[in-house]
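Step one of this worksheet: look at the structure below.
The values are calculated or read from the model by the stated rules, or taken from the named source; none is laboratory data. Quick caveat: nothing in here was measured; it's all calculated off a predicted structure. Every residue, glycine as well, gets a Cβ built from its backbone with ideal geometry; the counts of neighbours run over all protein chains shown.
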Amino acid sequence: MPSISTQDSNTEFTKMNASLDEGTFERAADRAIGAGYRLQMTLIDLIDLTLQIQHLRWNLFDEPELRTQLTDLDALVRAGSEAVAQRLSDLGVAPDGTVGAVYRDLLFEPLPSGPFDAQRAANAFAPRLSQLDHRLEGSVAILADLDSVSADIITTIANDVAAWSINLSTAS
């Protein structure tokens, strides 16, 4: 498999993004790069989500049960990040979790500042989980044709986050 340095990854991923829409992955190397692009997007989304979870936890007042649930979600998302980063490495693509990469490719709008009660936290956080779910579904659809192992990893993350989302909706 080709190895892509962090410096080259943006150029390669940009080129492959056009191919993602066309589904033109004839060579194994192209499939690995295409899968790497979708995995890198997922990695950025998960890193961003972890930061947003931390923001909520730090600003959540008098809600110990929700704080515990957010701690559990954070652990789940971090484990997903690790699985995605490992798969990127397995494909020969350097995972990029730098601040610059996260800032450049943010999916989520920043959460509001200030204190949160359970209802405000749920209202602020639910759209982010919905956005993530939509992005993960799109990634699974593309990865299914490129790399079934990567598709399985993303499917597992999507299922875990969906299960947690149900807990959030019943808690608020």
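Among 165, 113, which is polar (S, T, N, Q) and not in a helix (DSSP H, G or I)?
Values: 165 fails: not in a helix (DSSP H, G or I).
Exactly one of 165, 113 is polar (S, T, N, Q) and not in a helix (DSSP H, G or I), namely 113.
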Notebook entry, point to check: If you go through region 30-45 one residue at a time, do you hit one that is out of contact with any helix residue (DSSP H, G or I) (no Cβ under 6 Å at 6 or more places or on another chain), at pLDDT 50 or above, surrounded by fewer than 19 Cβ atoms within 10 Å (Cβ to Cβ) and part of a helix (DSSP H, G or I)?
Noted result: yes
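Let me confirm something: among 70, 66, 76, 107, which residue is closer than 25 Å to residue 164 by Cβ, in a loop (DSSP other than H, G, I, E, B) and out of contact with any His (no Cβ under 6 Å at 6 or more places or on another chain)? Can you show your working first?
Values: 70 fails: in a loop (DSSP other than H, G, I, E, B); 66 fails: in a loop (DSSP other than H, G, I, E, B); 76 fails: in a loop (DSSP other than H, G, I, E, B).
Answer to the check: 107.
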Checklist line | Residue count, region 46-72 (criterion: touching a helix residue (DSSP H, G or I) at 6+ places or on another chain (Cβ under 8 Å), of a type outside the set (D, E, K, R) and farther than 27 Å from residue 99 by Cα) | finding: 1
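Of all residues in region 71-87, how many are free of Cβ contacts under 8 Å to residues at least 12 places away in the same chain and surrounded by 23 or more Cβ atoms within 10 Å (Cβ to Cβ)? Before the answer, list the steps.
Filtering region 71-87 for residues free of Cβ contacts under 8 Å to residues at least 12 places away in the same chain gives 75, 79, 82, 86.
Adding the requirement that they be surrounded by 23 or more Cβ atoms within 10 Å (Cβ to Cβ) leaves none.
Selection size over region 71-87: 0.
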Checklist line | Residue satisfying condition, being modelled with pLDDT under 95, out of contact with any Pro (no Cβ under 9 Å at 6 or more places or on another chain) and crowded, with 18+ Cβ neighbours inside 10 Å, within set 160, 147, 133 | finding: 147
Notebook entry, point to check: Cβ-Cβ below 7 Å, separation at least six or inter-chain, first residue in region 52-64 and within 9 Å of residue 116 (Cβ to Cβ), second of a type in the set (Gly, Ala, Ser): which pairs?
Noted result: 56/121; 59/114; 60/121; 63/118
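Please work out if residue 128 is more than 27 Å from residue 28 (Cα to Cα) and touching a Phe, Trp or Tyr at 6+ places or on another chain (Cβ under 7 Å). Quick ask: steps written out before the conclusion?
Values: more than 27 Å from residue 28 (Cα to Cα): yes; touching a Phe, Trp or Tyr at 6+ places or on another chain (Cβ under 7 Å): yes.
In short, yes.
Look through 77, 93 and report the one residue that is within 18 Å of residue 36 (Cα to Cα) and of a type in the set (Val, Ile, Thr).
Numbers: 77 fails: within 18 Å of residue 36 (Cα to Cα).
Answer to the selection: 93.
Listed here are the residues, each with its yes/no results for (1) under 30 Å from residue 149 (Cβ atoms); (2) surrounded by fewer than 17 Cβ atoms within 10 Å (Cβ to Cβ).
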{"site": "57", "(1), (2)": "no, no"}
{"site": "100", "(1), (2)": "yes, yes"}
{"site": "116", "(1), (2)": "no, no"}
{"site": "119", "(1), (2)": "no, yes"}
Notebook entry, point to check: Is one or more of the residues making up region 97-114 more than 22 Å from residue 82 (Cα to Cα) and in contact (Cβ under 8 Å) with a residue 60 or more places away in the chain?
Noted result: no
